[in-house]
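Quick one: the structure is below, and I'll ask about it shortly.
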Amino acid sequence: AICNFVICNDSSLRSQPIIFNPDFFVEKLRHEKPEVFTELVVSNITRLIDLPGAELAQLMGEEDPKLPGANSTASGFFRSLMSLKRKEKGVVFGSPLTEEGIAQVSQLIEYLHKNLRAEGLFRVPGNSIRQQILKDALNSGTDIDLDSGEFHSNDVATLLKMFLGELPEPLLTHKHFHAHLKIADLTLFDEKGNKTSTPDKERQIEALQLLFLILPAPNRSLLKLLLDLLYQTAKKQDKNKMSAHNLALMFAPHILWPRNVTANDLQENITKLNNGVTFMIKHSQKLFKAPAYIRECARLHYLGSRAHTSKDDLDLLTSPSSKELQPLKSQKRSRLDTCHQEETQQRTEEALKELFRHVHNMPDSAKKKKLIRQFNKHPTALTPGSDVPTSPAPRRTRSRSFSGLIKRKVLGTPVVLERKSRDATPEPERVSKENVHLLQKCGSPAHMSQAKLKSLEGRKEESCRRMRAHLLSKDSSSL
């Protein structure tokens with residue numbers, strides 16, 4: 001899990017500051033969609049450094065890395081010798097990097113943080129017997145008390161280098177080797193656009209940040225612990241005599257050099273590699289933060305907005321000219337939204353018209369009548385334009401039974417014995433309940449006098465009385 005949410009009811013802890021991880025969405029994207037995350041990062045790496053097709057395929061893991069000295073006889077003999085040394089693997093030493101191995105080695109790093117003042121730290125070798133005892137204890141998972149005084153800081157420092165040297169591949173992996181060589185060549189340009197010999201530190205930091213993002217999780221975790229230790233060691237160089245460059249000479253073969261190669265194989269690039277590790281130590285506090293545009297891309301990815309795939313897009317968004325254009329953009333967006341709504345409404349109306357034409361051309365049937373009634377029930381939503389021929393809705397046939405007549409007369413509903421044309425005016429005696437309601441709604445003082453209303457009610461009662469008498473006379477005659 002990337003994070004856990006805990007509900008705290010302790011009022012004393014609510015006042016504590018909330019720790020916000022700015023790389024939350026970056027880690028979430030890396031964890032949930034590694035392919036999308038890798039493509040995003042690599043596309044920005046290729047923007048900074050020039051990687052030919054083969055080297056890019058190696059960085060992506062699509063091809064096996066082609067390392068210097070891989071075909072030489074000496075290199076083959078050295079490789080076989082190292083593989084023999086690694087046959088007897090332990091849980092920690094000589095095995096691929098795992099979280100369990102990192103947990104064991106982190107004890108060494110934690111101890112060294114407390115003993116950074118030892119002169120010649122990481123350069124002066126420790127006692128081989130004590131180192132073997134400590135190595136066996138770490139491999140077996142035994143609890144170790146490094147503060148007991150049994151081990152010296154040089155023993156622990158040498159054992160840490162031994163652990164890194166026995167990993168199957170360097171901490172920065174073989175896939176990233178060529179990319180690190182290209183980072184060392186990143187230099188500034190002069191006003192005329194010519195390349196200078198001055199390193200472009202900002203671009204180098206940005207490229208390392210991106211490369212570290214696509215390292216395997218165990219490698220990245222241990223690298224962060226190691227570079228932080230070396231950074232703190234270099235800060236105490238007045239006591240331990242170990243500068244960042246001296247530490248780079250000690251650790252470059254273990255964390256960056258390809259396995260099973262000699263210094264002769266790297267003679268053309270050995271200075272670049274050592275200077276590259278020196279640069280990592282000096283700027284280690286910046287290298288494990290994702291670039292701002294990667295954070296923004298990851299955040300926008302989960303918010304459902306348009307993702308910006310490079311730093312150039314982010315710079316364009318934050319430029320002053322873009323801020324001035326924001327009102328224009330919003331106006332343009334509103335006009336586009338309005339046009340889009342009008343087009344959608346027009347398409348809907350055309351579809352409704354086509355549907356109504358189809359229904360109108362259907363042969364007379366119960367289904368056609370049902371569909372037409374549905375159109376008439378929703379005139380605002382379903383009725384098409386006036387250009388479509390419409391047929392009058394069929395009137396429902398009313399029951400003409402005696403019981404129906406009595407009910408309608410008692411309730412005040414008029415009896416319609418024959419269909420009237422639309423232009424015919426209803427008789428005054430046949431004023432329906434709906435008409436009376438409409439008259440009352442419109443307001444009797446303004447539209448009709450009280451006397452006229454009373455006359456209508458009287459006529460209505462007289463009509464009902466006559467109908468009752470007529471029905472009773474019919475019943476009596478039938479009896």
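Would you tally the net charge around Lys66, using a Cβ to Cβ cut-off of less than 12 Å, leaving Lys66 out, and scoring K and R as +1, D and E as -1?
Working: positive: Lys175; negative: Glu55, Glu63, Asp64.
Here the count lands on -2.
Report ³J(HN,Hα) in whole Hz for each residue of segment 289-299, in order, from the Karplus equation J = 6.51 cos²θ - 1.76 cosθ + 1.60 where θ = phi - 60°; Gly and Pro get x.
3J(HN,Hα) across segment 289-299, in whole Hz: 10, 5, x, 4, 6, 5, 4, 5, 4, 5, 5.
Let me ask you something else. Mind giving me the nanometre distance, one decimal, between the label points for Ser43 and Glu268, set 7 Å out from Cα along Cα→Cβ?
Rounded to a tenth, the inter-label distance reads 3.3 nm.
Follow-up question, since we're still on this one. Please give the FRET efficiency for Val36 paired with Gln232, using the beta carbon to beta carbon distance and R0 = 30 Å, rounded to the nearest 0.05. Walk me through the intermediate numbers first.
Working: r = 36 Å, r/R0 = 1.19.
FRET efficiency, Val36 to Gln232: 0.25.
Between Thr187 and residues 5 or more places away or on another chain, which pairs have amide H atoms under 5 Å apart, with H built 1.01 Å from N, and which residues are they?
The list, which skips near neighbours in sequence, is Asp200.
FYI, it's all coordinate maths here, none of it is from the lab. Quantities reported herein were computed from a predicted structural model and do not represent experimental measurements. FYI the Cβ positions are ideal-geometry reconstructions off the backbone, even for glycines, and counts take in every protein chain you see.
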